[in-house]
Structure formats: structure tokens, C-alpha cells
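Report on one structure; see the data block that follows.
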Amino acid sequence: MRLGNIGDYLEGVSSIAIAGHVNPDGDCVGSALGVYLYLKDNFPGISVTVFLENMRDEFRFLEDAGKVRFTLDEVRPYDLIILVDISSRDRIGVISDLLPLAGKTLCFDHHITNRESCTWLFNYPDMSSTSELVYYFMDPDKVSEKCAEALYMGIVHDTGVFQYSCTSPDTMRTAAALMEKGIPFSRIVDDTYYQKTYVQNQIMGRTVMESILILGGRLIIGYVKNKDMNFYGATPKDMDGIVNQLRNTIGVEVAIFMYEKEPSVWKVSLRSRDYVDVSAVAQKFEGGGHVRAAGCTMTGSQYDVINNLTYYLEKALDEPHEA
């Protein structure tokens, strides 16, 4: 499947900045570096820079990950800024100050809540991942093994290793095409998705042990306080995967996981299994995301946040739906 050609948007462009969202996940990193490597390989006359917040260590095996800039040292205009996996401007990690200076902007995304205004916006909410989407704007014959590694990793992370409902037959065909480039697909899955540090296992174990199951076992809630993160020496990057583990509980339709970024400020992740649109709930608190995976930031005690969320989630859980 082809949706376009990224080369069609590069006329007169000599400098490009690629940016992802705050706290970049596997899809954000994979799509950003995938686009970077494709442009580097096929458009050598264009200067390309990637800006991301500090990424997780397990993503650093990707080609040129060491060239990613984590801070903005210079405010300068770029001919084109490419945004990947960013659903709203307040989610831009590093380069928000550069947007007003950009000649043009191009956004690749797959969040149902994306309503941003760019020169070119390619938002496909039914797509498994931004990494899959950007592949459809590349010439398959010109995708290198290293570019394929980045895109495959991104697809793996946003599909939960191809188990989430966002996975389509086209997703599997894309993964197969990337595997044919000779990538170490098994190692990418093991090292970047399943493998956890001891601290991550400690935090996940404690969260699951202290989780709350309510509404007839359909809603599970877990949270980590700021003081507990400090005790374990954990960072936001160590919170990845916990909400999915909670959602895997038998009988659960919706999982809430929240951690305290600072006193009384909570980063909330929502996941659903079959029918609840968690993005609709997240939007009520100025968040967004996907139908089955969304998030927001909320303030108050953990009880305030839980009560506010469950008010809407209980209604969503009780709405008629197909079995």
C-alpha cells in the first residue's frame, strides 16, 4: 500500500528538523529515526536533524541514535519541520520554539484526537502506528536495513507485538517487508519490548500488588506516588508497560495507570480491551490519543483523579455494546 512519496514535499528544502512528542515511546523514536535514515540515505543534499527528549536506553541501538538532540541549543529557522506521532502542539517535546520560524510543517500521525493545523497533515487513526504510516510514504526499494529496524521497532511497540486491535493485514505485510531487509526482528522485540530493568520490575510488581479492582471487575486502577518513584530511583521512562499489564487482568475492560510527576500532578494512561473509547474520556481532561489507548494530565490527590475518571468510565462501561 502506498499513500504518497515524502520526496514530493521536499522541493526547495535544504534543512529539515524532525520532532517527536514528550516522553518518546517506541513508535515515536522508531518513526523519527526511520524518517531521518530514509532522508539521509536518499536525499544527501538535505541537512536533517532529529530532536527528541532523552530516549530510553534500549532504543539507542538504532542507527544514528547518538546524533539525536535532546535539547534546543539554537533557535533557527528550518525549511521544513516534520512532526511524527504528535497529536497536539502542547505534546511537542523539544522544538516548540522553532515552529513559528519553520517554512513549512508536515505531520505524520495516527491519533484520533489530532486536529492540528500544518502545511500537510497526514493523520490516519486506523493505522497501527506512525512507523507503519511513514513507511507508506517511502519507496520500499530505498528503505535500508537500518531504516527498517527503526520502523519495525515502532510498529512492534504500538501494536503490542502485533496483538492489539490496531493491527491489520497491511500491518503484517509491512512488518514482513521490513523483516525481508534482514533485520534482527527477534532481538528487537526481546530487547526493546519485553526486557525490563530491575527497577521497572519492582515498580510494576508493586503497582499490580496494590492495584484496585472495581465496577464488577471491569475497571482496574494502579498508581505510583512521587515519593515511591524517588524511593526506587524510578523515572517516567520506567513506567512504560505497566498499564498494559493491568489491562491483561481477566475480566478487565479498562485499566487506569497514573504516576505522580510532581506533587498533586498525575500523568494518566488509559487502556481498554474491546469496546470503551478511552480517548473520549481523556479529552474531557484535555488529553487525547486512540480509541483503545489514551492519556491525559490531571491534578489533585489520587482519589480526586480516580473519582473524576471513574465517573465517566462507569458510564462508558454501562453503555450498550456488541458482545
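The values are calculated or read from the model by the stated rules, or taken from the named source; none is laboratory data. On a predicted model such as this, the values are computed, not experimentally measured, just so you know. With ideal geometry, Cβ positions are generated from the backbone for all residues, glycine too; neighbour counts draw on all protein chains shown. For accessibility, only protein heavy atoms count, side chains too; no ligands or nucleic acids. Shrake-Rupley method; radii C 1.70, N 1.55, O 1.52, S 1.80 Å.
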For the Cα atoms of the chain, what angle does the longest principal axis make with the long axis of helix 198-209, in degrees from 0 to 90, nearest 10?
40
Between region 294-322 and region 1-73, what is the C-alpha centre distance in whole Å?
35
The chain accessible area per residue, 1.4 Å probe, protein heavy atoms, integer Å², reads 44
What does the helix-only formula give at 222 nm for the chain: each DSSP H stretch with n ≥ 4 adding -39500 (n - 2.57), the total divided by the residues, and the result rounded to the nearest 500 deg cm²/dmol?
-9500 deg cm²/dmol
Of all DSSP beta bridges with both partners in region 1-152, the antiparallel percent, nearest 5, is 5
DSSP beta bridges in the chain: the antiparallel percent, rounded to 5, is 45
Residue-by-residue Karplus 3J(HN,Hα) for region 115-122, coefficients 6.51, -1.76, 1.60, Hz, glycine and proline x
10, 6, 9, 10, 4, 9, 10, 10
Region 91-139: trypsin sites (Lys or Arg not before Pro) in DSSP loop, at most 14 other beta carbons within 10 Å
115
Return, ordered by residue number, the residues of region 178-193 whose backbone nitrogen is under 17 Å from a label point located 7 Å along Cα→Cβ of residue 60.
191-193
FRET efficiency, 1/(1 + (r/R0)^6) with R0 30 Å, evaluated for residue 89 and residue 230 via beta carbons:
0.45
Set of lysines with alpha-carbon distance to residue 227 below 19 Å, sequence-local pairs under 8 removed
237, 261, 267
Residue 14 versus residue 274: modelled label distance in nm, points set 7 Å from Cα along the beta carbon direction:
5.9
Region 12-134, accessible surface, carbon-and-sulfur percent (1.4 angstrom probe)
45
At 1.4 Å probe size, put 113, 119 in order of accessible surface, largest to smallest.
119, 113
Find the relative contact order for region 108-233 and round it to a whole percent, using C-alpha pairs within less than 8 Å whose residues are 6+ positions apart.
18
For the Cα atoms of the chain, what angle does the longest principal axis make with the long axis of helix 26-42, in degrees from 0 to 90, nearest 10?
0
Provide the gained length on full extension for the span residue 198 to residue 322, in nm with one decimal, where the gain is 0.36 nm per separating residue minus the Cα-Cα distance.
40.6 nm
Percent relative contact order for the chain, counting Cα pairs under 8 Å at least six residues apart, stands at 13
